[in-house]
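First comes the structure, then the notes that go with it.
The values are calculated or read from the model by the stated rules, or taken from the named source; none is laboratory data. All values derive from a computational prediction rather than experimental measurement. Cβ placement follows ideal geometry from the backbone for every residue including glycine, while neighbour counts extend to all protein chains displayed.
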Amino acid sequence: MSIHDWEPVIGLEVHAQLLTRSKIFCSCSTAFGAPPNSLVCPVCLGLPGALPALNRSAVEMAIKAGKAFGSAIAERSIWARKNYFYPDLPKGYQISQYELPICKGGAVPVPQPDGSVRKVPLTRIHLEEDAGKNVHGAAGSQVDLNRSGVPLVEIVGEPELRSAEEASEYLKALRLSLMYLGINDGNLEEGSFRCDANVSVRRKGTQKFGTRVELKNINSFRFVRQAIEHEIERQIAAYERGEKVVQETRLFDNEKGETRPMRTKEEANDYRYFPEPDLPPLVVSREWVAKVQVPRLVELHARIVEAAGPEAARRAANVVTGEVARLVNEGALDLSSPRFQPAQIAEVFRLQDAGTLSSTAAKDVLAEVLRTGKPPAQIVQEKGLSQVSDESALEAVVDAVIARSSAEVEKYKSGKKNLLGFFVGQAMKDLKGKGNPGVLNTLFKKRLE
Amino acid sequence: MNPSLLPLGDLSRALDRGEARPSAVLEECLSRTARLDGKVHAFLRLTEGQARAAARASDERRARKEPLSPLDGVPVGLKDLFCQEGVETTAGSRILEGYHPPYDATVVRKLREAGAVLVGKLNMDEFAMGSSTENSAYGPTRNPWDLERTPGGSSGGSAAAVAARFVPGTLGTDTGGSIRQPAALVGCVGMKPTYGRVSRYGVVAFASSLDQVGPFAQDVRGVALLLRAIAGRDPNDQTSSLRPVPDYDADLEKPVGGLTIGVPKEYFGEGLDPAVEKSVRTGIAALEREGCTVKAISLPNSPHAIATYYLVATAEASSNLARYDGIRYGQRAPARGSLLDLYEKTRAAGFGAEVKRRILLGTYALSAGYYDAYYLRAQKVRALIRRDFDQAFAAGVDAVVSPTSPWAAFRLGEKVDDPLAMYLNDIYTVPVNLAGLPGISVPSGFTQAGLPIGMQLIGRPFEEGTLLRLARAAERALALPRRLPLLLERT
């Protein structure tokens, strides 16, 4: 048997902090980095007698995620208490959702290297509150409860991923989607986007899942790959030695690049979930769901990449999170009935790559395309934005600049090479900014040396 | 008569007419408390400074004829379960000793806004778990009618303080009978409103789906005035109702003729003291004389209420009490080594036996593998208990009448070592909490030994007004002699 006889099965659980201004059950700020325990009140401190009051904008963001991923959004979902003792959990329970979550099903679109889009199915998305943070130092362990009560969505993916690479691609796509939706800032370092991975391996060709191990504390994309790869290898090695894999939770040690046991199944908490009696069922009307606008940025990104090729993925993302998101937020762009075609954005990329458009001009054309849906070539013509890259057309200008700048030419020839910028600048002035600076650079160098 | 001895409703009128002055009333109350509370132990602590300042402010408003409400200047005591900013709040537990909340419970704020004078915090069974106030970590409260007996519980301090005329009105909480049973045992009026009628924000939680705040007074009118002041929607408690709060006082004297009273056979069965039954039947007869129709009914699932209650209430309590871990507030036991050690030592030292018993019961009921058989099943029975009441109301019953407690006040120590016997105190009151309905206990008479007996009226959801009218009709028709407890007669 070898490593190729085994098939890894991976399912990811992502905790994403929602970008609400206030916490999910009180009006305290969700700002990051404030002095410890400065953004707290009786509710998020879990003081005796305090009760939760739901922040509806957190619900709205969960609806947004559900709509974007095509999940079924429950008209009635139930809050539940997850009970366990830990110093960063001030009530001794976390308010979450258990049997009836707000979103069920759906899928995350993951762009593939070949330009196609794979839909990775979701089990559920539910709302819950974040815990505080334990800070361990020389003075002992201290608790900062600023984060206590920050709204989270837990996004549980189906165990449909088959390699560390796939897991990493899925996470990147999910993160970008949430950022496009404007509901998460995608910050892994500050912990606003966190991932746990369930990993098992099985003999290739078998259907039954192997024993599952949960990996925690993975806080970068690099670590996701490392942790999962290490875990897959560890499990295969165990099976090949004829040993069993123990169902347990393991912690990823990013310094050693390996996982180590945290607790076994027997030590696992019995969370004693039960319906939260302090909150009525969460009722989400059809009208509310219909009213929630989902900027269809995920889809748009996929379609731009489809038209422009997979190597344009990052560039497409920049356009979508930049100019497009800005126009959508300003209300100047409605993605449910856009005037432009995603292929037109791909066309702008091509014009820029061909040197026809400077990066500044490309931005202008892009904005115009998004607003009007006119073909990019027409905009370039109308605005006279086309960049002159043809050497023969530029030579005359280069000659004219050299002819009228004899003093600078002398200095350049005696060693002041940084005057090259001056010459290019003069030429650009004559060309009203439409000259290709790269071509001009080469021409001046050739002529003066 | 000394105005401080008047029932709350009458005191409110005397204040309106300028026949009494808030500061003078308060001083009378404080001096009576100082003289007698050593024997009763109703108060855990007095807030005399704040109370005197509030009374003086009320004097001025009253002098200007600008009272804030009928409660302006009325001394009120609070069960030690209500958070009051800067005032120690222990819930009767060692684990919260020295805890000073940084905020007011909504009902405390509402009482302040009504101009009431908050006098102090009252004794109770630890975390409201108990029926005799013997589970207080700070020693039991005694019944002003017989100091060897209990005033009931868990709001025993709130009941005893009214009976002993320390204050004309108090607030308590009722999770399974903790207002109505002590009201019955000390001979005053006590009401548990519909679940959701009064905000629970700032009230230390015992069982969140059952807890409800309510008032005590010597008279029905006093209870009506207090209820109106504290009821209503609170955005901080999402289980509180949006329904408007009626002026209960305005309709209090309306005749009750034509209303139908249901008498459930299950509430008059085995275990009921004959003296109590006789007294309650007198109360029913009085209502009949007032024009009510009396109808025999059946609430067949009510006998399952105690078992159901001790699953639902303990399950919720096991979770609600998890926050007392010694990390952020309250008492922390000295511990060495692990976090678990800190938790265990703190909770072992901080909680009393009954609280520990209920945390264990509730934790068990919610555990993996037992949840369906216990918690889920209890919720189903709970729905059946509610359905029985709904059917009775649908059949034209306006209120159900029963004894409040199967017996009059029992001796301290009599049941404290027998939890099951203690739990039976609440046999008639617990179904009302499980069904979320309003209930009131109103005095119906005395035993031969001179101990008070209470009659319970149970109403449709949010029909507190009807219940108060019926209770007032019984009060009027029975016209019980205004006896003072022995304790007061001797002084």
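Condition (residue is surrounded by fewer than 18 Cβ atoms within 10 Å (Cβ to Cβ) and assigned to a loop (DSSP other than H, G, I, E, B)) applied to segment A:132-144: is it met by at least one residue? Scanning segment A:132-144, I find at least one residue that is surrounded by fewer than 18 Cβ atoms within 10 Å (Cβ to Cβ) and assigned to a loop (DSSP other than H, G, I, E, B), so the answer is yes. Count of segment B:436-491 residues, restricted to those that are farther than 30 Å from residue B:209 by Cα and of a type in the set (A, V, I, L, M, F, W, C), is 13.
Yes/no matrix, rows are residues, columns are (1) out of contact with any strand residue (DSSP E or B) (no Cβ under 9 Å at 6 or more places or on another chain); (2) of a type in the set (Gly, Ala, Ser); (3) surrounded by fewer than 24 Cβ atoms within 10 Å (Cβ to Cβ):
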{"position": "B:160", "(1), (2), (3)": "no, yes, no"}
{"position": "B:182", "(1), (2), (3)": "no, no, no"}
{"position": "B:193", "(1), (2), (3)": "no, no, no"}
{"position": "B:253", "(1), (2), (3)": "yes, no, yes"}
{"position": "B:256", "(1), (2), (3)": "yes, no, yes"}
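Against the test of being at pLDDT 80 or above, surrounded by fewer than 16 Cβ atoms within 10 Å (Cβ to Cβ) and more than 20 Å from residue A:424 (Cα to Cα), the options A:344, A:381 yield a single qualifying residue, A:381.
Kindly indicate which of B:287, B:242 is in contact with a strand residue (DSSP E or B) (Cβ under 9 Å, 6 or more places away or on another chain) and modelled with pLDDT of 95 or more.
Every option except B:287 fails the conditions.
Looking at segment A:70-83, can you tell me whether even one residue there is within 7 Å of chain B (Cβ to nearest Cβ) and outside any helix (DSSP H, G or I)?
Within segment A:70-83, one or more residues are within 7 Å of chain B (Cβ to nearest Cβ) and outside any helix (DSSP H, G or I).
Of all residues in segment B:361-388, those that are out of contact with any Leu (no Cβ under 9 Å at 6 or more places or on another chain) and in contact (Cβ under 8 Å) with a residue 40 or more places away in the chain total 4. In the set B:437, B:420, B:480, only one residue is assigned to a loop (DSSP other than H, G, I, E, B), surrounded by fewer than 22 Cβ atoms within 10 Å (Cβ to Cβ) and not small (Gly, Ala, Ser); that residue is B:480.
If we scan segment A:285-302, do we find a residue that is surrounded by fewer than 17 Cβ atoms within 10 Å (Cβ to Cβ), more than 21 Å from the chain's Cα centre (by Cα) and part of a loop (DSSP other than H, G, I, E, B)? Looking for residues that are surrounded by fewer than 17 Cβ atoms within 10 Å (Cβ to Cβ), more than 21 Å from the chain's Cα centre (by Cα) and part of a loop (DSSP other than H, G, I, E, B), one finds at least one in segment A:285-302, hence yes. Taking the criterion of being within 21 Å of residue B:158 (Cβ to Cβ) and polar (S, T, N, Q), no residue of segment B:226-239 qualifies. Being of a type in the set (Phe, Trp, Tyr) and within 14 Å of chain A (Cβ to nearest Cβ) is a condition met by at least one residue of segment B:322-338. Tallying residues that are within 7 Å of another protein chain (Cβ to nearest Cβ), surrounded by fewer than 23 Cβ atoms within 10 Å (Cβ to Cβ) and hydrophobic (A, V, I, L, M, F, W, C) within segment A:29-64 yields 4. Residue-level analysis places residue A:366 among those that are at pLDDT 85 or above, over 25 Å from residue A:422 (Cα atoms) and under 24 Å from the mean Cα position of the chain (by Cα).
Take the conditions acidic (Asp, Glu) and assigned to a helix (DSSP H, G or I) and apply them to residue B:266. Does it pass? Spell out the reasoning first.
Numbers: acidic (Asp, Glu): yes; assigned to a helix (DSSP H, G or I): yes.
For residue B:266, the condition - acidic (Asp, Glu) and assigned to a helix (DSSP H, G or I) - is met.
Quick one: how many residues across segment A:227-236 are surrounded by fewer than 19 Cβ atoms within 10 Å (Cβ to Cβ) and not acidic (Asp, Glu)? Summing the residues that are surrounded by fewer than 19 Cβ atoms within 10 Å (Cβ to Cβ) and not acidic (Asp, Glu) in segment A:227-236 gives 1.
To keep it simple, each residue is scored yes or no on (1) surrounded by 24 or more Cβ atoms within 10 Å (Cβ to Cβ); (2) more than 13 Å from the chain's Cα centre (by Cα).
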{"residue": "B:206", "(1), (2)": "yes, yes"}
{"residue": "B:220", "(1), (2)": "yes, yes"}
{"residue": "B:223", "(1), (2)": "yes, no"}
{"residue": "B:242", "(1), (2)": "no, yes"}
{"residue": "B:245", "(1), (2)": "no, yes"}
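Could you run through segment A:279-291 and say how many residues are touching a strand residue (DSSP E or B) at 6+ places or on another chain (Cβ under 8 Å) and within 14 Å of chain B (Cβ to nearest Cβ)? Selection size over segment A:279-291: 4.
Of the strands (runs of 3 or more DSSP E) lying entirely inside segment B:163-225, not one carries at least 1 residues that are modelled with pLDDT under 95.
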